[in-house]
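All remarks here apply to the structure that follows.
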Amino acid sequence: MNKLQKSFRKNEKMIGAIASTLAVVMFFSLLEVFFSNLRGNSNIFIQPLATAFNGLFWTMYAYGRKDWFLVVPNFLAMILGTVTTVSAFV
């Protein structure tokens, strides 16, 4: 095992926590699209639909591996993506 791999293993939980936090922030950006859809200013649905499917499959993968750093943000992405997609058609 090289030095970089040892460093990663030592800091794996911290790196996972930072990555999960950044993923949650990224997926919360869907709220802007959601509110814009509700106001009737846009009807964007492809990006949130893709986010919902991406979140679904990553959640299934992460759940199978019991990797909660991946489950939490991707489950949130699936929910926000689905709600935002539906708001485009309301």
Exercise. In a Gaussian network model over the chain where Cα atoms closer than 10 Å are linked, find which of Thr59, Thr51, Thr21 has the largest mean-square fluctuation.
Key: Thr21
Quiz item: Angle between the Cα long axis of helix 12-28 and the longest principal axis of the chain, 0 to 90 degrees, nearest 10?
Solution: 10 degrees
Quiz item: In the range 1-88, which trypsin sites (Lys or Arg not before Pro) fall in coil by DSSP and have 14 or fewer other Cβ atoms within 10 Å?
Solution: Lys66
Quiz prompt | Residue with peak Gaussian network fluctuation, the chain [Cα springs, cutoff 10 Å], from Val71, Val25, Val33 | solution = Val25
Exercise. Let me know the charge dipole size of the chain about its Cα centre in debye, to the nearest 20, where only the beta-carbon of Lys, Arg (+1) and Asp, Glu (-1) is charged.
Key: 540 debye
Quiz item: Using 1/(1 + (r/R0)^6) with R0 = 35 angstrom and r between the beta carbons of Val86 and Glu12, what's the FRET efficiency to the nearest 0.05?
Solution: 0.45
Quiz item: In the Gaussian network model of the chain, springs joining C-alpha atoms below 10 Å, which of Leu56, Leu76, Leu38 carries the largest mean-square fluctuation?
Solution: Leu38
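Each value in this text was obtained by applying a stated rule to the coordinates, not by laboratory testing. These figures come from a predicted structure and were not determined experimentally. As a convention, Cβ positions derive from the backbone with ideal geometry for all residues, glycine included, and neighbour counts pool all protein chains shown.
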